[in-house]
1. About the Cα centre of the chain, what is the dipole size in debye to 20, counting +1 per Lys and Arg Cβ and -1 per Asp and Glu Cβ, all else neutral?
2. Step by step: find N for the range 75-147, compute 2.2 N^0.38 Å, then divide the Cα radius of gyration by it. What's the final number?
3. Exactly which GluC sites (Glu not before Pro) in the range 126-226 are in a DSSP loop and have at most 15 other Cβ atoms within 10 Å?
4. Per residue Cα convex hull volume for the range 145-238, in cubic angstrom?
5. Would you be so kind as to identify all helices of the chain, as entire DSSP H runs, whose Cα atoms reach 20 Å or more along the helix's own axis and whose mean Kyte-Doolittle hydropathy is at least 0.0?
6. Before I look further, what does the range 204-250 give for accessible area per residue, probe 1.4 Å, in whole square angstrom?
7. Relative contact order for the range 170-280: what percent, with Cα pairs under 8 Å and sequence separation of 6 or more?
8. Based on Cβ point charges of +1 for Lys and Arg and -1 for Asp and Glu, what charge dipole magnitude is obtained for the range 38-143 about its Cα centre, in debye rounded to the nearest 20?
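The values are calculated or read from the model by the stated rules, or taken from the named source; none is laboratory data. These figures come from a predicted structure and were not determined experimentally. For neighbour counting, all protein chains shown are included, and Cβ atoms are generated from backbone atoms with ideal geometry for every residue, glycine included. Heads up: the accessible areas ignore ligands, DNA and RNA and are worked out on the full protein's heavy atoms, side chains in. Shrake-Rupley method; radii C 1.70, N 1.55, O 1.52, S 1.80 Å.
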Amino acid sequence: MADKISAIVFMKKNHLSILLILPAVIVSCAFFLLPVVQLLQVSLVDGGAQSYIQILTRPLYLKSLFSTVTLSVLVTVVSLAVATISGLFLTRYEFKGKQLLVAMLSFPLAFPGVVIGFFVIMLAGRQGLFAQAGLLLTGERWMFAYSIAGLFLGYLYFSIPRVVLTVMGAAEKLDQNLLEAGRSLGANRWQIFKDVTLPALKPGLISSGSICFATSMGAFGTAFTLATNINVLPMTIYTEFTLNANFAMAAALSLILGLVTWLCLMLAKRQGNSSMAMGG
């Protein structure tokens, strides 16, 4: 009798688990699996393997891929460096206006990419602040909004807040006893940061860094707003799809973009799990 009751309870739990996971399965199939299969079909049926060969051989596509990956890596590294310093400072010190500053740091998350692109234009466009300062100081306009530097600035604008909030959340959970133990043993600030603080923050930094990289790889709105002399994959895909009507190449480039981003996220997940395991 007890075995029958246990079996019934087990079956009910399995049914409940299936019902709970069913929405996630439906969403994954509708918004991930089916589009990927369709992209793969378009890239192979319309263009065959030639599309992928061209991505690896034509300078236009190689440069676009290289520029996108390089830009995303730079944005991620700079965002992690700036946000780690800022997040630790905001966590450790109390001062007047701190809450307002934290709110302002998270403010960029409310804006879409197109609006951020306009911000960059107002800062570094032909009539922007940098251009006006250049006219006053040298008689020439300082402009970089419509270049990879402008896109870099725009990506930093919405990447840094994500990492800052993550660092602050992780820093608040730091064991202060470990920090005090390090100081009592004669360790300086750099040694404490390197041997205590940074390992504790590592899982959060890896997670937020992977999100920064993935967002920078696929961001379109900011690139579209500033796309004068910018050759990144989202803009290349847009050009192939809308202007050249080369659907096979657009699909192949989309899959390559998704594959690179997915590999980064998987690697970050493994590194994050490894760091958590070593930490405890």
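1. Dipole of the chain, to the nearest 20 debye: 400 debye.
2. Numbers: Rg = 16.1 Å, N = 73, 2.2 N^0.38 = 11.2 Å.
Working it through for the range 75-147, the quotient is 1.43.
3. Glu140, Glu172
4. Spread over its residues, the Cα hull of the range 145-238 gives 97 Å³ apiece.
5. 2-28, 59-92, 148-171, 198-218, 247-279
6. With all protein chains present, the range 204-250 gives 38 Å² per residue.
7. Working: 71 pairs, mean separation 34.8, N = 111.
Once divided by the residue count of the range 170-280, the mean separation gives 31 percent.
8. 220
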